[in-house]
Structures are given as C-alpha cells and as structure tokens.
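Below is one structure, written out as structure tokens; the observations come after it.
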Amino acid sequence: MMMKNPMPELREQCRALIAKAFRACISKGALPDAPLPDFGVEIPADPSHGDLASNAAMAGAKVFRLPPRTIAAALQGELQLEGSSFSSVEIAGAGFLNFWVGRRWFSQCIGDVLAAGADYGRTDTGKGQRVIVEYVSANPTGPMHIGNARGGAVGDSLASALQWAGFDVTREYYVNDAGNQIEKFGVSLEARYLQLFQEGVEMPEGCYMGEDIIAHAKGFAAVHGDRYVGADADERKKALVEYALPLNIAGIERDLARYRIHYDNWFKESSLYTGGEAWAMVEALKERGCTYEQDGAVWFKGSEYGADKDFVLVRANGLLTYVVPDIAYHYNKLVTRGFDRAVNVLGADHHGYVPRLKSALLALGVDAGKLDTVLIQMVRLVREGEVVKLSKRSGKAITLTTLLDDVPVDAARFHFNLREPNSQFDFDLDLAVEQSSQNPVYYVQYAHARICSIDEKAGEAGFDHGEASLAELDLLAEPEETALIRQLARFPEEVAQSAKGYDPARVTRFCIELATLFHKFYNSHKVISEDAGLSKARIALCHAVRTVLANGLALLKIDAPAKM
C-alpha cells in the first residue's frame, strides 16, 4: 500500500477548486471567455498568509484584461469550499488568494501518520524506475579521506531518499583496481619492500608516502621474506599489488560498514579490460566516425558532442587513457544493465570531467541525460576554532576511520548532511560530540527521546497514543499544535523533493525544524492534563512527531534513541 502525500494532494485540490471557479466566472459572464491562465499554488512563508496561497488572479490579469483584485473577488464568490479540506479563502495584497485549511484536515493528518507508522513518508514518486547510485568509489590505494566521508554520507542518504520516494535503487562502489594509480601503488610498495632489505633505496617521486604502504610492505615481507628482492621488477610489483590491494578493498568495505554503508555491488574496473568492454568503446566510436588519429594517438571528437575539447582515447604507446574504462562503465550501467538513471556522487574536482563523459555516451547513441552527477564540495575540519590541517602525502591525514574514532557515526552522518552537497562548510569536531541543544543531531535525538518518555508516562496514566478520535484531535487548535501538524504533513513531499533534487540535506533540515517545533510546543503546553480528550489528542500528536522523527533519522541511517 502506497502512503499518502498530504501537501501535493492539498495543492491539487486547491488548484481544482480555483480552475472550477474560473470556469464558473466565465460561464456567468463575470470574466471574459478566455483560456484559463497558468497559475501557481504554494505554501506561504508566513503562516499568517494562509495554509496555501495562489497567484491565480495576477496570472489572469493579462488573459482577462482586468485588475487582479477584480478577478480575485470574482473567484472568491465562486469558490465552493463546502466538502473540501478548506474552511475559508481571503484576498490579500495585489490579489493573492489565501486559503485556510479546516481543523478536520489537520486531525486526519495525525491519523495518516499513526496509520502508516514506519512507512509514513514513502511515496510512489519514482514509479519504480531503476536507479543506480555510485558513491565514495575511493581509489583502493590508501585509506579514505574526509571528502570520502562526506560523499559517503550524502550518497548513502540520497540512495535512501530515492528508495523512500519509490525508486528501485542499486548502490554501487566502483573499484579503481586498474590504471595509473595501481601502477603507482605497485611502485610505492616495491620501494618500501626493498628498503627492508637494502640500504639507499629512494622513494620515487610522486609515490604514495602513507604509513599504510610501509605496513603492507612489512606484511608482505613477513609472508615472503626476501624472495622477491631479486625477482623481475614487474613480477615483484605484481605480487605486492596482489597481496596489498585485496587487503585495502576489504579494509574499505569494513570501514564503510562501520559508517553504516553497505553496497549491492562492488564493480571492478579491471573487469572492463578482461571482458573487453573498454576496447569495445574505442572500436564503437571509430565505427561511428567519432575519432581521428594524430601524433600516433586516437582522439575522440568531443567538441562535436558537447565537450569543451577533443581528448585522447588511446595514447601513442597503445595504452588506453583513464576516460575509456569510465565510458565503458557508464555504458554498462545505462545500456548493458539497463538502468533508467545513473547518479554519480563525485568530488567537485570532477566538474570538467563529466561533460566529456557525457559527450562520449552521446556519440555512442546513449541518452546522456540519464547520467546525473552530484558534486561534493570539500569540507574543512575545525577544532577549537582552528582549521585542522590535512596532508595525505605526509601520511598524517584525518581519514574516515580516525574521524569515527573521535566522532560518533550518528553525528558524522548528520553533520555531513547539514548543507547542500555543492556547498562548502566547516565541520566543527567539538560541536559534533557536544551533548547540548547546540549540536543539531543531539537536539533532534533528544526530541525523540523526550517523546518516548511522554509515551511511557501516558501508558502509566492509562492512555494509548492511538485512541484519540477525530473529534478529540480537532481540539488541537493552538498555534504550536497547528504548526507541528503542518510540518508532519510536509514530510512525504520533503523526501520526494530530496530525491528529485538529489539533496538529502532537506531531510536533515526537516528533522531539525520538526524538533524545534516540538520543543516549542512542549515548553508551551502540558501534554497530560485533567482534560482527558485533550490529553489523548496531545499524546497522539506527540507520538506522530516521534514517528516522523524516527522515519527521518532512519532514512539518514541515524539512531533514534529512546533515552538520552
């Protein structure tokens, strides 16, 4: 059973009422016979302007050649609100129509939340479309850095939002186990291994300098001793990579699991070479007349397909460039495996790379519009007001694992989702562990725990959160109560918009707003009182808030504790 999405349904009802009023005005001669204007229905920023507001009169001014307030008055006279969710409509300003919702709609919203329970917020927005979300995909040559930590939290929460919005989602990690970075990985391991047995071995320029490389070399030596010191260099590097790379990949999988990230697929870049898909892309582009040769290299005519310039596919030495397996990988997603949409969560440094990838897909006859990219801006770590310096090459970077040693997973995932993915922000390490209302994740979790306590006390007093009638729920007319219910009604649409706009921070912000409204309500009104009917209604309202907070946190894979 698909759950309700109250706010879009309410807007559509309002739109239908206005359209019917327009037709009635035209039929009675109050407005000239003309096509109905394209008008909007929105939630006002200021609740004093109504629950919904429409610019229908202003939109109709040009069509009907009448002042907006004249049109608004005519519409107001024909708006048939009886039997609808609306109790009244007023004209404001230049001719806005402000609609107020009746109490019964608010009461039914609470009932909808309680009836749906853990499924409240799910919609069929995606209509079951198959979407593959790729995120993190860090090079397996070393530990994951702080950018991967943010990309992981954003990508995983986005995948959840898409699932909640009715998409068929596959989570995938692309393992870069081929190409230049693996060659550099082998060279780095080789140098560290030889240093264990020979003096004067220098680290080649540009190598990986982290402590993990030294640890791998020692581990390899513990297994094989000096057996590979006198071996052929290629054989030695191959053996070192075959030893260390699986350990790194297993470590990444383990660390991400600690971060509550689990993938449906781990797709290896090397399979595109062994399966012939990478070279098949070059041949396909050649056959389509999309390439040319210059200085012994094979070039793609990228500038003819939307890229900023042409680029090399096959170097003069006969080796493929890094972009070819990426083209093959995305062709595999959208054509071979037939996903309706592919979403990549990438670092902001990929902004120039994406158009090149899309240009190649377009040349191959693939709808490049099916590939969407979420670019993640870098985040600065701050401790005691000072920026924490990062230096991956020096081996002193703050990695995902070291971050999680200092910051709880709940706080890390929540804080990384506080801002839109394309925004830069400072991650305050001190705030993330602070147990106060200043820490947003603590603030939200505390609201949930507070309601759990209310539920417990209500049970002791003989109340059940599901026993309030609609008539009793109609008693919830205080401004703080109405604001809370409005917020509850917004949740399914916030999830759907989060999925549509690839912005899971909408859910995080929603949870903070809901917690804020709840704390305001709690500080203003007594939940359990001598009035049994009102008590039952407020207990039901609190439990509905608890349900939505738990659902929002569950989407973000953050715990909703019963006690703090």
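Give me the 1.4 Å probe accessible area per residue for region 393-495, excluding ligands and nucleic acids, in Å².
Accessible surface, normalised per residue, equals 42 Å².
Leaving out ligands, DNA and RNA, what percent of the accessible area of the chain is carbon and sulfur, probe 1.4 Å?
49 percent
Give me the angle, in degrees from 0 to 90, between the Cα long axis of helix 211-224 and the longest principal axis of the Cα atoms of the chain, rounded to the nearest 10.
50 degrees
Just to be sure I follow: if Rg is taken over the C-alpha atoms of region 105-211 and Rh is the Kirkwood radius over the same atoms, what is Rg/Rh?
Ratio of gyration radius to Kirkwood radius for region 105-211: 1.31.
Using only the Cα atoms of region 74-116, each taken as one equal point scatterer with no solvent, compute I(q) by the Debye sum, divide by I(0), and report log10 of the ratio at q = 0.13, 0.17, 0.24, 0.29 Å⁻¹.
-0.38, -0.57, -0.82, -0.99
Take the alpha carbon gyration tensor of region 327-380, find the square roots of its eigenvalues, order them as a ≥ b ≥ c, and report rounded if a/c is under 1.5; if not, report prolate when a/b exceeds b/c, else oblate.
prolate
Positive end of the charge dipole of the chain (Lys, Arg +1 and Asp, Glu -1 on Cβ, about the Cα centre): tell me which of Ala363, Ser436, Leu313 has its Cα farthest that way.
Ala363
I need the fraction of alpha carbon pairs in region 302-344 separated by more than 16 Å, rounded to a whole percent.
Cα-Cα pairs of region 302-344 separated by over 16 Å account for 53 percent.
What FRET efficiency, computed as 1/(1 + (r/R0)^6) with R0 = 35 Å and r the Cβ-Cβ distance, is obtained for Asp464 and Val433, rounded to the nearest 0.05?
It comes out at approximately 0.40.
Defining a contact as two alpha carbons under 8 Å apart and six or more residues distant in sequence, what relative contact order in percent does region 362-496 show?
21 percent
Only Cα pairs under 8 Å and at least 6 apart count here; give the relative contact order of the chain as a rounded whole percent.
Here the relative contact order equals 16 percent.
I need the fraction of alpha carbon pairs in region 1-122 separated by more than 24 Å, rounded to a whole percent.
In whole percent, the long-distance tail amounts to 31.
What is the Cα radius of gyration of region 422-564 over 2.2 N^0.38 Å, N being its residue count?
In units of the 2.2 N^0.38 Å rule of thumb, it is 1.10.
Between Asp405 and Glu82, what is the FRET efficiency for a Förster distance of 56 Å, r being their Cβ-Cβ separation, to the nearest 0.05?
Here the calculated transfer efficiency is 0.35.
Determine the principal axes of the Cα atoms in region 132-276, then give the extent along each, sorted from largest to smallest and rounded to whole angstroms.
Largest to smallest, the principal-axis extents are 60, 34, 27 Å.
Taking only Cα atoms, what is the 0 to 90° angle, nearest 10, from helix 479-500's long axis to the longest principal axis of the chain?
40 degrees
Using just the helices of the chain, give the 222 nm mean residue ellipticity in deg cm²/dmol: DSSP H runs with n ≥ 4 each add -39,500 (n - 2.57), and the total is spread over all residues, rounded to 500.
-16000 deg cm²/dmol, from helical runs alone.
State which stretch of the chain is the longest one without any exposed chymotrypsin sites (Phe, Trp or Tyr not before Pro), exposure meaning a DSSP loop state and at most 15 other Cβ atoms within 10 Å.
Excluding the exposed sites themselves, the longest stretch runs over 323-564.
Express the relative contact order of region 437-534 as a whole percentage, based on alpha carbon pairs under 8 Å and six or more residues apart in sequence.
37 percent
What does the convex hull of the alpha-carbon atoms of region 282-428 project to on average, in nm²?
Projected area, direction-averaged: 11.9 nm².
Rg and Dmax of region 462-546, Cα atoms, in Å?
Considering region 462-546 through its Cα atoms, Rg and Dmax are 14.3, 47 Å.
If you scale each eigenvalue of the Cα gyration tensor by 5 and take the root, what three semi-axes come out for the chain, rounded to whole angstrom and sorted largest first?
The three semi-axes for the chain are 54, 33, 18 Å.
Just give me a number: lysine pairs in region 1-152, eight or more positions apart or cross-chain, with C-alpha atoms less than 20 Å apart.
Close lysine pairs found across region 1-152: 4.
Relative to the first principal axis of the alpha-carbon coordinates of the chain, what is the inclination of helix 146-164, with its axis defined by its Cα atoms, in degrees from 0 to 90 and to the nearest 10?
The two axes meet at around 50 degrees.
Tell me which GluC sites (Glu not before Pro) from region 453-518 have a DSSP coil assignment and no more than 14 other beta carbons within 10 Å of their own.
Answer in residue order: Glu467.
The values are calculated or read from the model by the stated rules, or taken from the named source; none is laboratory data. What you are looking at is a predicted structure, and each value in this text was computed from that prediction instead of being measured. No Cβ is skipped: glycine too gets one built from the backbone with ideal geometry, and neighbour counts run over all protein chains shown. Keep in mind that these areas ignore ligands, DNA and RNA; they rest on the heavy atoms of the full protein, side chains included. Shrake-Rupley method; radii C 1.70, N 1.55, O 1.52, S 1.80 Å.
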